[in-house]
Structures are given as structure tokens and as C-alpha cells.
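Everything below concerns the one structure shown next.
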There are 2 protein chains.
Amino acid sequence: MKGAIQIFDRFHEIVNERVRSSLDERFCYASDASQIEGLPDFVIRPKSTEEVSRILMICNEFEIPVTARGAGTGLAGGATPVKGGVVLDMSSMNNIIEFDIENLQVIVEPGVVPEKLNRTLKSSGFFFPPDPGSSAICTIGGMISNNSSGIHCIKYGTTRNYVLDLQVVLADGRVINTGSKVLKSSVGYDLTRLFVGSEGTLGIITRAGLKIMPLPIAKRLVVASFDSAVIAGKVVIQIFSAGIIPSACEILDNTTIAVLKRCDPNLVFPNLGDIILFEVDGTDNSTAEQSYRIIEICAPLAQSIREVSSKTEMGAIWEARRLVGAAISRLDPTKTRVYAGEDVGVPIKQIPILIKKIQEISEEFDIPAMKYGHIGDGSLHVALFIDIMDPDQWERLKRAQEKIHRTAIELGGTVSSEHGVGLARAIYMRDQLGNDFLEIMQSIKRTFDPKGILNPGKLSL
Amino acid sequence: MKGAIQIFDRFHEIVNERVRSSLDERFCYASDASQIEGLPDFVIRPKSTEEVSRILMICNEFEIPVTARGAGTGLAGGATPVKGGVVLDMSSMNNIIEFDIENLQVIVEPGVVPEKLNRTLKSSGFFFPPDPGSSAICTIGGMISNNSSGIHCIKYGTTRNYVLDLQVVLADGRVINTGSKVLKSSVGYDLTRLFVGSEGTLGIITRAGLKIMPLPIAKRLVVASFDSAVIAGKVVIQIFSAGIIPSACEILDNTTIAVLKRCDPNLVFPNLGDIILFEVDGTDNSTAEQSYRIIEICAPLAQSIREVSSKTEMGAIWEARRLVGAAISRLDPTKTRVYAGEDVGVPIKQIPILIKKIQEISEEFDIPAMKYGHIGDGSLHVALFIDIMDPDQWERLKRAQEKIHRTAIELGGTVSSEHGVGLARAIYMRDQLGNDFLEIMQSIKRTFDPKGILNPGKLSL
């Protein structure tokens, strides 16, 4: 890049002191929650669509890479500026622009934190359903860019299902809207969904219209344990066939249960087998009815079943479940969880096979693995943990994660269910999607971003 | 096109007698359910993906237009070969390839009729939710190409939400898969959703993996009438806010009610006001609870409320609702319904204004209009009816439909909620979507189909 000082001045004209180029500040933006690093040349915190548009015009003119970043909670290097250039820190664009309850939607800036949005929506009796584990700190912009979801996706769907409209700044600075306030339309290509999950490679999202849903009045939780994941999987299908769609359906293996109990010694879980948490939501009567039916269906096949009796206990279980991935050090203080191979997914029938194969991989490479996840939609989180000071363990971990990803692809699955590709999983794109698919992606990318300035190096683009 | 006879022979090599070029057979394919006409040069009924691929290679080589057609029930000319060339009649590719209930999905060829699919799925306790009025005769391929939906979309979403994977033949004959059997994934651009609603302009769909849902065990129907659509609209929001998502929420105006009563004199409906049909589905208890709450919420604002007591009556009401659009001649035998301006949608809060404005347009041009539709998702069907032998009435009808479309756009809405753009609504694309949006669509189109052979002239491409 030529004339860094002149470029800085151009940015400064637009955003004043909200552009930084000191090494310490650039260093703060050199990674997200992954191990992938890349130092930006500039960090800019835009406050408006117009600022983003003017910044992109300059970047496009001088072919400066631009990487958008929300809260930096991504686990695949999606927000890491591996080719330098500008990091656009979108977290200052965090206004809820409009509560349009009567149209069943809200309009937000990309830096809005979903939990904050939901706290505000609660009084109206509505919520924004997608709920990644990081929902207390991540941003809506990041969720849209990665098509995030979470435990309630089985009933409510992924972020993709809730985006009605995006305001996007294109690489050349043009601003487009991809949708409107209308809840359904059959007019034109679905550019909205094309941007969802595109990880900042096609444009910078500066505003989003999101569909909201009525808050369920009641929830119930059934905890059941099974001899094997195969039996657990069969029960899940029987529950669907009985006309019940749980609002969550999480499987936890033995190691996960051990960690959960260390997190909160008051938690009551069976000691053996694979456990499934079935949550149902709705009204008082409907949840009672569904929970009764779930228990009835589980009964002939489960080792143990019980309905969680109080709201307090239910809250404690979900809180522990939310923290379990990071809490492994409670079991062994020498070990740290490393996010690698952590987000695979397969057709749901294959979940038991996937669990078995991951157990074998864990043994082969002598890397402990905790397995838990959304059995109802085929997504399995694998927590591998090592002594991060030991290079040999790092080496084995890398080989284990490679094998986990390849296994998911062989089972007809995906290397990422909800965390995204970024750089961490870019090498698997061709095997998972095929050459022609990737070629089409590259052509679409060139259409939107002919100079390749937007998040270069990601998604194998 | 050069050498029609040689081209015919090339096609004949691939599909034998399933290519036709006689005038009478070509004439059968000169239109869909719209008034738009265009004579194809060849009609081909492929039986396999490989045949489609080989046909497209020839068409691409000789730049022959290719228009895919399902059952020809489209209302916007989407399947009309306005530039001649080949009509690919996909209705012979009508096999259900796999029932994969354990993975909550089915794999079908594009010619499968949705009602037939649902009859077959019923015994497993599942169904494919999108249900256009034409579901007894239309095809899944057409539904995907137009992102069709129907009365249950308010709870279940549109076709877009149910497509997991598409096998698509590209313009140059390459075959790609856009997804897999996995229920959720965050890997790569969402090509699946890009094809959904693209009306055959980007590729020919030859296979689809569809998500299925558990069949609800019980349904209930509440019929309420209101002084005005404004009050009715308010009630709908209150019902959402109470945590209830009806499985259908249909508004019917006075004229519609009159026609319904002529269709089936046994139907019991109030004589005044705007009527809403609230359907809830679920289990026996949950539907009882929801229906009770709906009645409670309606009570202070409705003129009349009653719950439909029997399954038979419920069936009769929905059957009449399904036929109402075409049944106008029961009211006035000199009049025929013309599908024009029939599928507009607006943000749901604007539905009362839209209804009022359409009434004004109906009076201004002296064209009777029946108004009914999916108030819960902002989609309003307008049935205009004229004496089709009278050129003056045709002229007034055209001006009325133009004004209806413009009104929807002005209210922040869409010229098509669920029927598609085709040629009938192509002229509104620029106003509804904007220049930049349309330019991006054109670039994407060129990426997939550089020679412009796929359904040319549609979507203003």
C-alpha cells in the first residue's frame, strides 16, 4: 500500500479520531477468538452507513483490504485481517433504530448485542430467537455474517430465517437494500440470504431488519439418559413423529456431564450413558402435555427420566450448558480447551456414528474430547483439550481436528454448523462443496468485489 | 436459430419421441395460467438429470432459449417461452426418490405434486408445509422457482425455508448440488436460496431435498368479524403478543363472503364487516387453549365470534376459501376473474390501508374487486372480475392492476408475495428493488448464464 500517511489522513477526514494506526491498537484487532492472527494497518470505528460508504470508496480506489469485525467472538478467524489493511470495528454502530412490533420486526445496526436486544424486546412479549452461546457479547452483524444459531434452532431456525432486509455497503461504496418490511415476497433474487453467511466477503452490513417472534409463556425441561447415542437418536425421531418439536434437544456425553457437575455441584444428572435435554416451550398446558408425551416416549428406552421441577434448576442447567465448553479446566487444571474441529454437523441419523468416530479419534491421538450439541439438527460440538504449553499436544490436536472435519464430510455433513468458515476451515471448502460450487462462489465474489478487497483470504476466495 | 431439423435430431438422440415440434403440441405449451403467450419451437419432456444436462449443452452451444415448466399453473407468465426455443416440461420427472424420515427430509424430482407428496407422507406423521392454492396440481419445482407459500406460511414459512439441497443443471450443462442432507450449515454462499425464487433464470432444478415437519395432531378454527380491517389488524397483533402463532390467519371482505356463501349455501358466516379466520394447530389441549385465548382477545373488539364446531364444517370452509378466487361467476355469471394485481403484499400494519386503497381503485375504474388473503404475513389477494368479451373492461382492468401494484410499492410492499414475477410483473422490478439491486441481479445472471439462454425476458433480465 502506498502513502500510508496520506491514506490515514483521508480516513481521518471521514471519522476523525475514530481511525487509529498505533501498533498497540492495531494489535488489539489482530485476532478474533481463534488462534489465527494478522495485523491490520488501520482500525476504524465507523458510526454511520455514510462513513462506511466513504471509507470503502477509498479502500476500493487504493485496493486496501477491509475486514469487518463485530465483537471478535468468531472461532474461525473470520474477523482477522490476514492481509492487513483496514479493520472496520462495527461495534460502535449499536443502535436499535426501530421497534416495529406491529410489523413483527425490529431494525438494528450491526453492532447490537442480541441479548441486549432481547432484554429490550421482552416487555413487548417478543424475542429474536437465534441464540449462539456468545449471545451476551457477540453482535447481530457477526451472527448474520456467519448464519449463527444455537440451541433453539431446532424449533426456531437459524439467523437466516429472521433477516427481512439488509442495508449493505458494496465494495465500491454503493449502498443497497436487499429487502423491505414486508414479511414475504417472491420478487427478485434472494440477495438477503446471499449476504447471510457470506462472512463480510460481499459487502459490509450497516443495518438489518429482523423478524421477531412471540415469547413463549412457559418452558419445561426433561432430562433423560440412554445406554447409547444410537438409542437416544431413535427416541428423538419418535418424538418428532409424535408431532412434538422441542425448543431444544441437546445431547451431552459422559465427559460433558462430569464437567457440568464440577461447574455446579448442585446439578443433578445421572452418572451413566448419554443424556438428552428436551426443552419444550409454549403455554402452561401445551408444555405440560408435550413434556408428558416426551416422558411417555422415552420410558421404554431410557435408563432414567425426570422432569426438572423448578425454574431455578432449569436456569442453572442451561447456564452450565452454556459455559461447559470453556469450563473444562475445572476437571483438569493443566488443560485448556482449544476451538478446533468444534462445530461439525451431519444428517441427524448419523449423529451416533459421528460421536463414535470422534471417540475413536480422541483415543487415536490421545486428546481428550467432550462431545455435546444439538442432536435435533445434527450439529455436534467437540471440545478438544490440551496442555497448550506442549508443542506435541498441539501437533496431535491439529491432526485430530483434521480427521474430525474429514469424518464430517465423509458422513455427508459440514465442517461448520453455525460458527463459520473464516480461515480455519477454508481448506475444506472444495471437498465439502465441490469444484463447480466453489467456482460459482468465486464468480459471485468477483461480481460484488472485482478488486477483492473485502475480507480477502477467507472462505478460500 | 439455424437448422431446426438438425437441432431436432440432436434432441431426438437424447430423449427419442419425448421431443415434439408439431404446431399443435407446441401450442399446448404457449402459455401458463396467465394471459401471456409465446410459442416454443420444441417441447421436450426429460426423464433424468443427465438428459437435461445434454439438452442444455446443445441449447447453450446454439444459443437456444430454454424455459422450464412444471404444471403450468403460474399466474405471471414465468413458464411461457416468450422468446421461443425449448420448453422443458419437467412434469415427467415426478418420482419421490427417497423418504428419509429419520433425517426429517425427502428427496424429490421437480415434477412431484405437493399434495401427492403429502398424501404419501401422512402415514409417517409428517408433511411438507408450503401449500399454495394450486397444491393439488402444481409441482414442487414450480414452487421452488417462485418461492410459493400459502395460508400456513404465517406459522410455517415459505418454500425457501424447506429446501435443504438442490441438484441444478447449469446453462452449460454442468450439474451442481447446492446443499446436502445436513439440516444446518455455515459453509459457503447460500446458493440454495439463490435458486429459490429465481424462476428458472439461473439453472434447471432436477432434484430437491426438502425438510419435512411433524403433522399437527389437532386443528381448531375461530371465525370472528370486525367493524373494519383496522380493528381486525390490531387484534392480529394482540394475538401474536399473547404468544400465539396461528397456523392460518385469513381476512375475507364482504364480497368474498358473499361468494363463499354462493359456493356453499350451508356455510355460516356473519353478514357484515371484515371476517378473520384464525386456525391454530397442535395437540388437543394446546389448540383448545389457543382457541380459547383467541376468543378472549377478540371479544372486546369483534362484532361476532364463534369457534367452528366440527371437522366437517372446518373442511368445508377451507375448501370454499381455496376455490373462492375462481368462483366469482357464482355471484355474477357474466363476469370472469382475471389474475392481475392479484398477489400484492405490504408490511402487515399497512393491510387495512391497502384494503381501503384497493376499494378506491375498484370504484375509480368500476371494476369489482374481492379482497382476501393472509393478513398475518401481509399478503393480500385481490380478485378483479370483468366481462372478458368487453375490450373497455379489459382496458380499465389493466389500469386498475397498474395502480394496485404501484400502491403496494408505495406502501413499502411487494408486487408479488408468493406467485412470482415472470413477465407480468417484470416492469415493476426496478421501482420495487432499485437500480443497483437490478444491476447486481443482472451480473449474477451473467455469471450463471453468460449467453442468456435460461428463461430470457423474465424478471426484467
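The values are calculated or read from the model by the stated rules, or taken from the named source; none is laboratory data. Predicted model, so just to flag it, every value in this text is computed and none were measured. For neighbour counting, all protein chains shown are included, and Cβ atoms are generated from backbone atoms with ideal geometry for every residue, glycine included.
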Quick one: which residue in B:Arg322, B:Arg399, B:Arg330 is more than 17 Å from B:Ala76 (Cβ to Cβ), surrounded by fewer than 24 Cβ atoms within 10 Å (Cβ to Cβ) and without any contact (Cβ under 8 Å) to a residue 40 or more places away in the chain? B:Arg399
Residues B:Asn161, B:Asn177, B:Asn118, B:Asn147: which one is surrounded by 24 or more Cβ atoms within 10 Å (Cβ to Cβ) and not β-branched (Val, Ile, Thr)? B:Asn147
So which of B:Gly273, B:Gly282 ends up being among the small types (Gly, Ala, Ser), in contact (Cβ under 8 Å) with a residue 60 or more places away in the chain and not assigned by TED's automatic domain parsing to the domain that holds B:Lys371? B:Gly282
Residues (of a type in the set (Asp, Glu) and either part of a loop (DSSP other than H, G, I, E, B) or closer than 21 Å to A:Thr283 by Cβ (or both)) located in region B:264-302: B:Asp264, B:Glu279, B:Asp281, B:Asp284, B:Glu289, B:Glu296
Is it true that A:Ala68 is outside the structural domain of A:Tyr162 (by TED's automatic domain parsing), in contact (Cβ under 8 Å) with a residue 60 or more places away in the chain, closer than 21 Å to A:Asn16 by Cβ and small (Gly, Ala, Ser)? yes
Residues satisfying the stated conditions in region A:317-364, i.e. basic (Lys, Arg) and closer than 20 Å to A:Tyr428 by Cα: A:Lys357
Which one of these does B:Ser31 not meet: (1) within 19 Å of B:Asn455 (Cα to Cα); (2) assigned to a helix (DSSP H, G or I)? (2)
Give the residue that is nearest to B:Pro368 (Cα to Cα), with candidates limited to residues of region B:240-257 that are without any contact (Cβ under 8 Å) to a residue 24 or more places away in the chain and away from chain A (no Cβ under 14 Å). B:Asn254
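Table: residues versus (1) modelled with pLDDT under 95; (2) not in a strand (DSSP E or B).
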{"site": "A:Gly188", "(1), (2)": "no, yes"}
{"site": "A:Gly197", "(1), (2)": "no, yes"}
{"site": "A:Ile205", "(1), (2)": "no, no"}
{"site": "A:Gly209", "(1), (2)": "no, no"}
{"site": "A:Val230", "(1), (2)": "yes, yes"}
Please tell me if B:Glu395 is at pLDDT 95 or above, more than 14 Å from every other protein chain (Cβ to nearest Cβ) and closer than 22 Å to B:Gln432 by Cβ. no
Please go through region A:341-371 and give me each residue that is farther than 18 Å from A:Gly150 by Cα, out of contact with any Leu (no Cβ under 6 Å at 6 or more places or on another chain), aliphatic (A, V, I, L, M) and more than 14 Å from chain B (Cβ to nearest Cβ), ordered by number. A:Ile355, A:Ile358, A:Ile361
Do any residues in region A:174-185 that are within 7 Å of another protein chain (Cβ to nearest Cβ) have Cβ atoms under 6 Å from those of residues that are assigned to a loop (DSSP other than H, G, I, E, B) and not polar (S, T, N, Q), where the two are at least six apart or on different chains, and which pairs are they? A:Ser180/B:Gly412; A:Lys181/B:Pro347; A:Lys181/B:Gly412; A:Val182/B:Pro347; A:Val182/B:Gly378; A:Val182/B:Gly413; A:Leu183/B:Gly378
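Conditions tested, residue by residue: (1) within 29 Å of B:Ser180 (Cα to Cα); (2) assigned to a loop (DSSP other than H, G, I, E, B); (3) of a type outside the set (S, T, N, Q).
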site	(1), (2), (3)
B:Ser53	yes, no, no
B:Met57	yes, no, yes
B:Ala68	yes, no, yes
B:Leu75	no, yes, yes
B:Pro81	no, yes, yes
B:Gly84	no, yes, yes
B:Glu98	yes, no, yes
B:Gly111	yes, yes, yes
B:Leu117	yes, no, yes
I'm trying to understand the selection: among the residues of region A:7-25, which are of a type outside the set (Val, Ile, Thr) and either buried (at least 19 other Cβ atoms within 10 Å of the Cβ) or touching a residue at least 60 places away in the same chain (Cβ under 8 Å) (or both)? A:Phe11, A:Arg18, A:Arg20
